[in-house]
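Report on the structure given below.
Here, each number is a calculation from the coordinates, and none is a lab measurement. As the structure is a computational prediction, the values presented were derived from the model and not from experiment. We place every Cβ from the backbone using ideal geometry, glycine too, and count neighbours over all the protein chains shown.
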Amino acid sequence: SLPSAGSIIEWFKNIFHLSDETFELLMKEVYDDYLNENIPKDKVNLVIPHFNGSGSPVKSSQTFGLWYGLTNETSVKDLLFGLFLGLTFELKHAVTSMTESGFLFNKIKLIGPGTKDPLWAQLRADILRTNVYALQLSEAVSRGANKIIKSNIIEKGTGKLNYKKYVPNTNELTTLLLETYKNKYEKLYDAKINSELNL
């Protein structure tokens with residue numbers, strides 16, 4: 001689970017006084033930069049999003065958020081990318097903790113507000129190395145979405161369910177981000193959790 005995702009995004013918008021419209025424009029700019037591999041290597045930052053405590057695999061209300069990789073040249077756009085990168089790393093960490101062999105799924109189906117964020121959807125495809133389907137469902141609660149998804153509409157190619165498919169990219173930037181996950185995020189996560197919980 002990611003207990004803080006929605007509230008962290010709202011916090012980010014509030015702390016920088018970003019209207020919904022301005023936030024969406026920034027998201028589009030960052031998404032375009034990401035697709036064009038125009039994210040400078042020295043500006044990659046990330047958040048460990050434990051603003052309301054941590055979720056899986058170490059659930060605790062005694063943990064705190066951490067932002068890594070800031071300099072005096074870090075911009076709001078850079079931070080926005082780091083926010084969604086960190087949320088995606090957190091998801092990868094939770095998912096890979098479910099099995100000793102690593103990643104468990106061959107596809108991800110998104111529901112709810114996250115389907116409207118192409119940057120976040122593409123990051124999930126790239127970081128989790130799997131196809132991501134952003135489903136446009138009128139019934140966004142988990143039970144209703146589960147009923148629709150169980151019908152395997154995507155696999156059968158039937159019905160009127162609309163979705164957008166995101167396929168993992170393989171390029172220098174995604175390679176850098178995967179290295180950042182292993183060499184920075186995982187080590188920072190472990191050090192932070194161990195310090196906060198005295199493990």
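Computed over neighbours whose Cβ is under 14 Å from that of LEU66, the net charge equals -1, Lys and Arg +1, Asp and Glu -1. Projecting the Cα atoms of ILE48, SER60, SER4 onto the charge dipole of segment 1-75, computed from C-beta unit charges around the Cα centre, puts SER60 farthest toward the positive end.
Note that segment 72-127, at 4 °C in a medium of 1.567 mPa s, gets a Stokes-Einstein diffusion coefficient of 103 µm²/s from its Kirkwood radius over C-alpha pairs. Protection proxy ranking, highest mean first, for peptides 65-71, 29-35: 29-35, 65-71, where packing is the per-residue count of other beta-carbon atoms within 10 Å, averaged. Each Lys or Arg adds one and each Asp or Glu takes one away; over the other residues whose Cβ falls under 15 Å from the Cβ of ILE48, this sums to +2.
Multiplying each eigenvalue of the alpha-carbon gyration tensor of segment 14-92 by 5 and taking the square root yields semi-axes of 23, 15, 13 Å, largest first, rounded to whole angstroms.
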